[in-house]
1. So, of the residues in the range 55-74 that are over 17 Å from the mean Cα position of the chain (by Cα) and not hydroxyl-bearing (S, T, Y), which turns out to be surrounded by the fewest Cβ atoms within 10 Å (Cβ to Cβ)?
2. Does S99 satisfy being loosely packed, with under 11 Cβ neighbours inside 10 Å and small (G, A, S)?
3. Looking at the range 75-96 only, could you name the residues that are within 16 Å of the chain's Cα centre (by Cα), surrounded by fewer than 16 Cβ atoms within 10 Å (Cβ to Cβ) and among the charged types (D, E, K, R)?
4. Need pairs with beta-carbon distance below 7 Å; first residue assigned to a helix (DSSP H, G or I) and within the range 82-107, second charged (D, E, K, R); sequence gap 6+ or separate chains.
5. Has the range 66-77 got any residue that is assigned to a helix (DSSP H, G or I) and closer than 20 Å to K28 by Cβ?
6. Hey, can you tell me all the residues within the range 56-104 that are more than 23 Å from L38 (Cα to Cα) and among the charged types (D, E, K, R)?
7. Need pairs with beta-carbon distance below 8 Å; first residue under 14 Å from N102 (Cα atoms) and within the range 29-44, second outside any helix (DSSP H, G or I); sequence gap 6+ or separate chains.
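A short reminder: the numbers here are calculations on the coordinates, not readings from a lab. Note that this is a predicted model, so its numbers are computed, not measured. Because the Cβ atoms are built from the backbone with ideal geometry, glycine has one as well, and the counts that use them run over all protein chains shown.
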Amino acid sequence: MKKKYILIFSLFFSLSVFSQDGLQEKAKKISDEMTMVLSLDEQTSEKIFNIQLKRFLDAQKIRTIHKSNKEKMNIELKKMYNRLWGKLNDVLGKEKMKSWSNYKNSK
């Protein structure tokens with residue numbers, strides 16, 4: 001019985017670790033793209049990475065909590081995206097955010 005608990009715990013822990021690695025890769029990809037497009041320095045790039053990683057972790061948490069209520073989930077995700085925009089705006093400033101928005105819209 002004890003072995004079953006250890007096996008189940010190990011399985012859930014490993015799934016959590018793999019999931020977070022994927023989120024870190026997504027955050028890195030976006031921060032690298034923003035760094036290239038906006039010519040950001042290393043310090044700003046790291047801030048962007050941390051903001052994006054928190055975004056993906058928060059979104060994952062919201063989707064888990066509200067998976068049975070799509071309307072509530074969408075409301076919470078929209079609030080989170082608005083906070084994301086504000087944080088990015090604080091770090092990058094209005095001009096770079098405008099440049100980023102133009103870049104994303106042109107893709």
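1. Looking only at the range 55-74, we keep the residues that are over 17 Å from the mean Cα position of the chain (by Cα), and these are 66-72.
Next cut, not hydroxyl-bearing (S, T, Y) only: 66-67, 69-72.
On the way: H66: 16, K67: 10, N69: 11, K70: 10, E71: 8, K72: 13.
The selected residue is E71.
2. No, not satisfied.
3. K78, K79, R83
4. L84/R55; V91/K47
5. Taking the range 66-77 as the starting set, the residues that turn out to be assigned to a helix (DSSP H, G or I) are 70-77.
From what is left, the residues that are closer than 20 Å to K28 by Cβ are none.
No, the conditions are met nowhere in the range 66-77.
6. D58, K61, R63, K67, K70, E71, K72, E76, K78, K79, listed by residue number.
7. Every condition considered, the pairs that remain are M34/L40.
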